[in-house]
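**Q** Here it is, the structure in full.
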Amino acid sequence: KRVQILHMLVEGSSMRSVSRVVGVSINTVSKLLVDAGTACEKYHDEHVRGLNCERIQCDEIWSFCYSKQKNVPENKKGAAGDVWTWTSLCADSKLICNWVVGGRDAGYASALMEDLADRLNNRVQLTTDGHRAYLEAVEGAFGADIDYAMLVKMYGDVAEKSPERTYSPAVCTGAKKNRVEGNPDKDHISTSYVERQNLNMRMGMRRFTRLTNGFSKKFDNHCHALALYFMYYNFVRVHKTLKCSPAMAAGVTDKLWEMSDLAEMIDADIPKPGKRGPYKTSQKDISN
(Lines give C-alpha, C1' and ligand atoms only; values in the text may rest on other atoms or scores of the structure.)
Protein backbone atom coordinates (compact mmCIF):
# COMPACT_ATOMS: atom_id res chain seq x y z
CA LYS A 1 0.00 0.00 0.00
CA ARG A 2 2.90 2.39 0.69
CA VAL A 3 4.09 2.15 -2.92
CA GLN A 4 0.54 2.68 -4.18
CA ILE A 5 0.12 5.76 -1.96
CA LEU A 6 3.44 7.20 -3.15
CA HIS A 7 2.41 6.60 -6.78
CA MET A 8 -0.85 8.46 -6.28
CA LEU A 9 0.77 11.35 -4.39
CA VAL A 10 3.37 11.80 -7.14
CA GLU A 11 0.69 11.68 -9.83
CA GLY A 12 -1.09 14.60 -8.20
CA SER A 13 -3.98 12.96 -6.36
CA SER A 14 -5.26 14.80 -3.30
CA MET A 15 -4.57 13.21 0.08
CA ARG A 16 -8.26 12.60 0.78
CA SER A 17 -8.79 10.87 -2.57
CA VAL A 18 -5.73 8.71 -1.87
CA SER A 19 -7.13 7.72 1.53
CA ARG A 20 -10.49 6.77 -0.06
CA VAL A 21 -9.00 4.75 -2.94
CA VAL A 22 -6.39 2.89 -0.90
CA GLY A 23 -8.66 2.47 2.11
CA VAL A 24 -6.47 4.02 4.79
CA SER A 25 -6.84 6.91 7.20
CA ILE A 26 -6.10 10.44 6.00
CA ASN A 27 -3.64 10.63 8.91
CA THR A 28 -1.71 7.68 7.44
CA VAL A 29 -1.43 9.45 4.07
CA SER A 30 -0.42 12.71 5.72
CA LYS A 31 2.28 11.02 7.81
CA LEU A 32 3.68 9.19 4.78
CA LEU A 33 3.83 12.48 2.85
CA VAL A 34 5.81 14.10 5.67
CA ASP A 35 8.17 11.11 5.94
CA ALA A 36 8.61 10.97 2.16
CA GLY A 37 9.23 14.70 1.80
CA THR A 38 11.77 14.73 4.63
CA ALA A 39 13.66 11.71 3.28
CA CYS A 40 13.62 12.90 -0.34
CA GLU A 41 14.88 16.37 0.54
CA LYS A 42 17.68 14.87 2.63
CA TYR A 43 18.72 12.39 -0.08
CA HIS A 44 18.71 15.06 -2.79
CA ASP A 45 20.77 17.44 -0.66
CA GLU A 46 23.40 14.76 0.02
CA HIS A 47 23.66 13.09 -3.39
CA VAL A 48 22.85 15.65 -6.09
CA ARG A 49 26.27 17.31 -5.89
CA GLY A 50 29.47 17.45 -7.92
CA LEU A 51 27.46 18.11 -11.09
CA ASN A 52 29.26 18.56 -14.42
CA CYS A 53 26.49 20.54 -16.10
CA GLU A 54 27.33 22.95 -18.93
CA ARG A 55 24.06 24.86 -19.33
CA ILE A 56 21.64 25.74 -16.53
CA GLN A 57 18.21 27.35 -16.82
CA CYS A 58 16.36 28.89 -13.85
CA ASP A 59 12.78 30.02 -13.37
CA GLU A 60 10.09 30.40 -10.73
CA ILE A 61 6.48 29.23 -10.72
CA TRP A 62 3.58 30.64 -8.72
CA SER A 63 1.10 28.84 -6.48
CA PHE A 64 -0.60 29.65 -3.19
CA CYS A 65 -1.15 28.06 0.19
CA TYR A 66 -4.43 28.18 2.17
CA SER A 67 -5.70 31.18 0.17
CA LYS A 68 -4.61 33.71 -2.39
CA GLN A 69 -2.63 36.64 -1.01
CA LYS A 70 -5.50 39.13 -1.12
CA ASN A 71 -7.74 36.79 0.92
CA VAL A 72 -5.31 35.82 3.69
CA PRO A 73 -6.98 36.35 7.12
CA GLU A 74 -5.15 38.24 9.85
CA ASN A 75 -4.42 35.14 11.91
CA LYS A 76 -2.71 33.50 8.89
CA LYS A 77 -0.43 36.38 7.91
CA GLY A 78 3.02 35.02 7.09
CA ALA A 79 1.85 31.39 6.92
CA ALA A 80 -0.45 31.61 3.90
CA GLY A 81 -0.78 33.34 0.56
CA ASP A 82 1.44 33.36 -2.51
CA VAL A 83 4.14 30.68 -2.72
CA TRP A 84 6.86 30.65 -5.36
CA THR A 85 8.91 27.60 -6.31
CA TRP A 86 12.35 28.48 -7.71
CA THR A 87 14.02 25.75 -9.78
CA SER A 88 17.29 25.24 -11.64
CA LEU A 89 17.44 22.69 -14.46
CA CYS A 90 20.33 21.25 -16.45
CA ALA A 91 19.50 21.82 -20.13
CA ASP A 92 21.34 18.67 -21.25
CA SER A 93 20.37 16.03 -18.67
CA LYS A 94 17.07 17.74 -17.67
CA LEU A 95 18.06 17.20 -14.03
CA ILE A 96 16.46 19.42 -11.39
CA CYS A 97 19.66 20.60 -9.70
CA ASN A 98 17.99 22.34 -6.75
CA TRP A 99 14.90 24.23 -5.71
CA VAL A 100 13.76 26.80 -3.16
CA VAL A 101 10.20 27.45 -1.94
CA GLY A 102 9.10 30.81 -0.53
CA GLY A 103 8.61 34.39 -1.71
CA ARG A 104 9.73 36.06 -4.94
CA ASP A 105 12.27 38.48 -3.47
CA ALA A 106 16.05 38.73 -3.66
CA GLY A 107 16.60 36.63 -0.53
CA TYR A 108 15.11 33.51 -2.10
CA ALA A 109 16.92 34.17 -5.39
CA SER A 110 20.21 34.32 -3.45
CA ALA A 111 19.38 31.10 -1.61
CA LEU A 112 18.78 29.33 -4.93
CA MET A 113 21.98 30.58 -6.54
CA GLU A 114 24.26 30.01 -3.56
CA ASP A 115 23.01 26.45 -3.17
CA LEU A 116 23.36 25.87 -6.93
CA ALA A 117 26.96 27.13 -6.92
CA ASP A 118 27.84 24.59 -4.20
CA ARG A 119 26.55 21.72 -6.35
CA LEU A 120 28.50 22.50 -9.55
CA ASN A 121 32.00 21.33 -10.43
CA ASN A 122 32.69 23.69 -13.31
CA ARG A 123 31.86 27.00 -14.97
CA VAL A 124 28.42 26.96 -16.58
CA GLN A 125 26.26 29.05 -18.87
CA LEU A 126 23.24 30.29 -16.93
CA THR A 127 20.00 31.69 -18.34
CA THR A 128 17.16 33.25 -16.35
CA ASP A 129 14.19 35.42 -17.18
CA GLY A 130 14.24 39.18 -16.64
CA HIS A 131 13.37 39.10 -12.93
CA ARG A 132 15.74 41.66 -11.39
CA ALA A 133 16.26 39.63 -8.20
CA TYR A 134 18.51 37.30 -10.19
CA LEU A 135 21.10 39.98 -10.92
CA GLU A 136 22.51 40.41 -7.41
CA ALA A 137 21.89 36.75 -6.58
CA VAL A 138 24.04 35.47 -9.45
CA GLU A 139 26.74 38.07 -8.77
CA GLY A 140 26.89 37.14 -5.09
CA ALA A 141 27.00 33.37 -5.70
CA PHE A 142 29.25 33.13 -8.78
CA GLY A 143 31.02 36.47 -9.14
CA ALA A 144 32.71 36.59 -12.55
CA ASP A 145 33.05 32.80 -12.79
CA ILE A 146 29.96 32.30 -14.96
CA ASP A 147 28.55 32.98 -18.41
CA TYR A 148 25.22 34.56 -17.58
CA ALA A 149 22.44 35.96 -19.76
CA MET A 150 18.86 37.05 -19.28
CA LEU A 151 16.05 36.23 -21.67
CA VAL A 152 13.63 39.15 -21.34
CA LYS A 153 10.21 38.48 -22.83
CA MET A 154 7.84 41.27 -23.86
CA TYR A 155 4.09 40.87 -23.61
CA GLY A 156 1.13 42.77 -25.01
CA ASP A 157 -2.64 42.66 -24.58
CA VAL A 158 -4.99 41.42 -27.27
CA ALA A 159 -7.02 44.00 -29.15
CA GLU A 160 -10.36 42.70 -27.91
CA LYS A 161 -11.00 41.34 -24.42
CA SER A 162 -13.88 38.96 -23.94
CA PRO A 163 -15.14 36.80 -21.06
CA GLU A 164 -13.57 33.77 -22.77
CA ARG A 165 -10.11 35.34 -22.39
CA THR A 166 -10.40 36.17 -18.67
CA TYR A 167 -7.87 33.52 -17.64
CA SER A 168 -5.79 33.49 -20.82
CA PRO A 169 -2.15 34.64 -20.60
CA ALA A 170 -0.91 37.77 -22.31
CA VAL A 171 0.51 37.45 -25.83
CA CYS A 172 4.31 37.26 -26.08
CA THR A 173 5.35 39.87 -28.68
CA GLY A 174 9.09 39.27 -28.59
CA ALA A 175 12.19 38.47 -26.52
CA LYS A 176 15.58 40.07 -25.93
CA LYS A 177 18.80 38.18 -25.12
CA ASN A 178 20.82 40.32 -22.72
CA ARG A 179 24.38 39.34 -21.80
CA VAL A 180 25.05 40.04 -18.12
CA GLU A 181 28.36 38.32 -17.27
CA GLY A 182 31.04 36.38 -19.13
CA ASN A 183 30.60 35.18 -22.70
CA PRO A 184 27.35 33.20 -23.03
CA ASP A 185 26.60 31.43 -26.32
CA LYS A 186 23.65 33.26 -27.88
CA ASP A 187 22.35 30.06 -29.45
CA HIS A 188 21.85 28.59 -25.97
CA ILE A 189 20.29 31.61 -24.25
CA SER A 190 16.94 30.02 -23.53
CA THR A 191 14.55 29.12 -20.70
CA SER A 192 12.43 26.72 -22.78
CA TYR A 193 13.37 23.56 -20.88
CA VAL A 194 12.76 24.96 -17.40
CA GLU A 195 9.49 26.52 -18.55
CA ARG A 196 8.43 23.14 -19.91
CA GLN A 197 9.29 21.69 -16.52
CA ASN A 198 7.03 24.32 -14.95
CA LEU A 199 4.25 23.01 -17.18
CA ASN A 200 4.98 19.47 -15.98
CA MET A 201 4.54 20.68 -12.40
CA ARG A 202 1.37 22.59 -13.24
CA MET A 203 -0.19 19.61 -14.99
CA GLY A 204 1.19 16.81 -12.81
CA MET A 205 0.59 18.16 -9.31
CA ARG A 206 -2.93 18.86 -8.13
CA ARG A 207 -1.59 21.55 -5.79
CA PHE A 208 -0.58 23.68 -8.80
CA THR A 209 -3.79 23.31 -10.81
CA ARG A 210 -5.56 26.64 -11.25
CA LEU A 211 -9.21 27.29 -10.38
CA THR A 212 -9.70 24.18 -8.23
CA ASN A 213 -9.90 23.36 -4.52
CA GLY A 214 -6.81 21.13 -4.73
CA PHE A 215 -4.37 23.83 -3.58
CA SER A 216 -2.12 23.26 -0.57
CA LYS A 217 -3.60 24.04 2.82
CA LYS A 218 -0.31 23.84 4.76
CA PHE A 219 3.03 25.27 3.66
CA ASP A 220 5.02 22.35 5.11
CA ASN A 221 2.96 19.78 3.21
CA HIS A 222 3.42 21.82 0.04
CA CYS A 223 7.21 21.57 0.49
CA HIS A 224 7.03 17.84 1.25
CA ALA A 225 4.98 17.20 -1.90
CA LEU A 226 7.53 19.11 -3.99
CA ALA A 227 10.46 17.17 -2.53
CA LEU A 228 8.72 13.87 -3.35
CA TYR A 229 7.88 15.05 -6.88
CA PHE A 230 11.44 16.19 -7.65
CA MET A 231 12.89 12.92 -6.34
CA TYR A 232 10.50 10.98 -8.56
CA TYR A 233 11.23 13.20 -11.56
CA ASN A 234 15.02 12.96 -11.18
CA PHE A 235 15.42 9.28 -10.29
CA VAL A 236 12.29 7.28 -11.24
CA ARG A 237 10.66 8.85 -14.28
CA VAL A 238 12.13 8.01 -17.71
CA HIS A 239 12.62 11.11 -19.85
CA LYS A 240 11.35 10.37 -23.36
CA THR A 241 14.15 12.11 -25.25
CA LEU A 242 16.90 10.76 -22.97
CA LYS A 243 15.57 7.16 -22.72
CA CYS A 244 16.68 7.20 -19.07
CA SER A 245 16.09 9.24 -15.92
CA PRO A 246 17.66 12.73 -15.58
CA ALA A 247 19.77 11.48 -12.66
CA MET A 248 21.24 8.75 -14.88
CA ALA A 249 21.92 11.24 -17.68
CA ALA A 250 23.70 13.54 -15.23
CA GLY A 251 25.80 10.72 -13.75
CA VAL A 252 24.24 11.00 -10.29
CA THR A 253 23.15 7.33 -10.33
CA ASP A 254 23.87 4.33 -12.53
CA LYS A 255 20.45 2.69 -12.33
CA LEU A 256 16.83 3.52 -13.00
CA TRP A 257 14.97 3.67 -9.71
CA GLU A 258 11.55 2.14 -9.16
CA MET A 259 8.90 3.29 -6.73
CA SER A 260 9.81 0.36 -4.49
CA ASP A 261 13.38 1.73 -4.29
CA LEU A 262 11.97 5.11 -3.34
CA ALA A 263 9.80 3.51 -0.64
CA GLU A 264 12.81 1.62 0.77
CA MET A 265 14.84 4.83 0.90
CA ILE A 266 12.04 6.54 2.80
CA ASP A 267 11.70 3.61 5.23
CA ALA A 268 15.44 3.61 5.88
CA ASP A 269 15.34 7.29 6.81
CA ILE A 270 12.52 6.94 9.33
CA PRO A 271 14.02 6.66 12.84
CA LYS A 272 13.37 3.29 14.41
CA PRO A 273 11.27 3.41 17.62
CA GLY A 274 13.36 2.90 20.74
CA LYS A 275 12.70 0.45 23.52
CA ARG A 276 9.82 1.40 25.73
CA GLY A 277 10.86 2.32 29.23
CA PRO A 278 9.41 0.84 32.40
CA TYR A 279 5.80 1.60 33.16
CA LYS A 280 5.51 4.26 35.84
CA THR A 281 2.56 4.08 38.16
CA SER A 282 0.88 7.26 39.27
CA GLN A 283 -0.94 8.11 42.47
CA LYS A 284 -4.18 7.83 40.50
CA ASP A 285 -3.36 4.22 39.51
CA ILE A 286 -2.59 3.29 43.12
CA SER A 287 -5.81 4.80 44.46
CA ASN A 288 -7.87 2.88 41.90
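The values are calculated or read from the model by the stated rules, or taken from the named source; none is laboratory data. This structure is a prediction, so every number in the text was calculated from the model and none was measured. Cβ atoms come from the backbone with ideal geometry, glycine included; neighbour counts cover every protein chain shown. For the accessible areas, the whole protein counts, side chains as well, though only heavy atoms, and no ligand, DNA or RNA atoms are used. Shrake-Rupley method; radii C 1.70, N 1.55, O 1.52, S 1.80 Å.
**Q** So which residues in the stretch 192-233 are in a loop (DSSP other than H, G, I, E, B) and of a type outside the set (K, R), if there are any at all?
**A** First, pick out the residues of the stretch 192-233 that are in a loop (DSSP other than H, G, I, E, B): 205, 209-215, 217-218.
Answer for the stretch 192-233, where residues must be in a loop (DSSP other than H, G, I, E, B) and of a type outside the set (K, R): M205, T209, L211, T212, N213, G214, F215.
**Q** Hey, another quick one. Within the stretch 205-231, which residues are open to solvent by less than 50 Å² (accessible area, probe 1.4 Å) and over 20 Å from G102 (Cα atoms)?
**A** Within the stretch 205-231, just T212 meets the criteria.
**Q** Residue pairs, Cβ under 7 Å, 6 or more apart or interchain, first in the stretch 14-38 and at pLDDT 90 or above, second in a helix (DSSP H, G or I) and small (G, A, S). List them.
**A** That search, which allows pairs on different chains as well, returns S25/S19; I26/S19; V29/S19; L33/A225; G37/A225; G37/A227.
**Q** Restricting to the stretch 242-257, count the residues that are at negative phi, in a loop (DSSP other than H, G, I, E, B) and in contact (Cβ under 8 Å) with a residue 12 or more places away in the chain.
**A** Residues flagged as at negative phi, in a loop (DSSP other than H, G, I, E, B) and in contact (Cβ under 8 Å) with a residue 12 or more places away in the chain within the stretch 242-257 amount to 7.
**Q** One residue is enough: does the stretch 25-48 have a residue meeting the conditions of a type in the set (G, A, S), in a helix (DSSP H, G or I) and closer than 19 Å to T212 by Cα?
**A** There is no residue in the stretch 25-48 that is of a type in the set (G, A, S), in a helix (DSSP H, G or I) and closer than 19 Å to T212 by Cα.
**Q** Count, please, the residues in the stretch 131-162 that happen to be open to solvent by less than 40 Å² (accessible area, probe 1.4 Å) and modelled with pLDDT under 85.
**A** Matching residues across the stretch 131-162 total 1.
**Q** Moving to a separate point now. Is at least one residue of the stretch 256-277 modelled with pLDDT of 65 or more, under 21 Å from the mean Cα position of the chain (by Cα), surrounded by 10 or more Cβ atoms within 10 Å (Cβ to Cβ) and closer than 20 Å to G50 by Cβ?
**A** So far as the stretch 256-277 goes, yes, one or more of its residues are modelled with pLDDT of 65 or more, under 21 Å from the mean Cα position of the chain (by Cα), surrounded by 10 or more Cβ atoms within 10 Å (Cβ to Cβ) and closer than 20 Å to G50 by Cβ.
**Q** A follow-up question, please. Checking the conditions here, which among K70, K42 is open to solvent by 40 Å² or more (accessible area, probe 1.4 Å) and either closer than 17 Å to G251 by Cα or free of Cβ contacts under 8 Å to residues at least 12 places away in the same chain (or both)?
**A** Numbers: K42 fails: either closer than 17 Å to G251 by Cα or free of Cβ contacts under 8 Å to residues at least 12 places away in the same chain (or both).
Sole residue among the options that is open to solvent by 40 Å² or more (accessible area, probe 1.4 Å) and either closer than 17 Å to G251 by Cα or free of Cβ contacts under 8 Å to residues at least 12 places away in the same chain (or both): K70.
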